[in-house]
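Written below as structure tokens is the structure these notes are about.
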Amino acid sequence: MSFPNKEQRQRCWDLRDKYWGCLDKNNDDATKCRDYRNMYETECPSQWVKHFDRKRLYLQFKDKIENEGYEPIEEENKKS
């Protein structure tokens with residue numbers, strides 16, 4: 001696959017943002033955002049879709065840690 005030109009990249013990013021916006025509005029219920037997901041997957045290279053999906057998960061994790069904190073895992077078999 002050839003690298004997307006400027007217009008194709010912009011269309012991909014716009015559809016990604018619309019899809020993510022739909023997920024945000026619908027509490028991450030992907031069933032309500034299928035149309036956006038289909039357009040997003042159609043317009044973006046598959047490697048980009050994988051990257052953006054991982055990025056969204058990372059950003060959600062980061063936001064949760066920053067806003068809610070974290071609890072360290074306690075080791076059951078601590079060595080003395």
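Summary table
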{"quantity": "Qualifying residue in the stretch 48-68 (condition: without any contact (Cβ under 8 Å) to a residue 40 or more places away in the chain and either part of a loop (DSSP other than H, G, I, E, B) or touching a strand residue (DSSP E or B) at 6+ places or on another chain (Cβ under 9 Å) (or both))", "calculated": "no"}
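Yes or no, residue by residue, for (1) over 16 Å from the mean Cα position of the chain (by Cα); (2) assigned to a loop (DSSP other than H, G, I, E, B); (3) surrounded by 13 or more Cβ atoms within 10 Å (Cβ to Cβ):
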residue: Gln10; (1), (2), (3): yes, no, no
residue: Leu23; (1), (2), (3): no, no, yes
residue: Arg37; (1), (2), (3): no, no, yes
residue: Ile73; (1), (2), (3): yes, yes, no
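Laboratory data are not the source of any read-out in this text; all were calculated from the coordinates shown. Predicted model, so just to flag it, every value in this text is computed and none were measured. Positions of Cβ are backbone-derived with ideal geometry, glycine not excepted, and every protein chain shown enters the neighbour counts.
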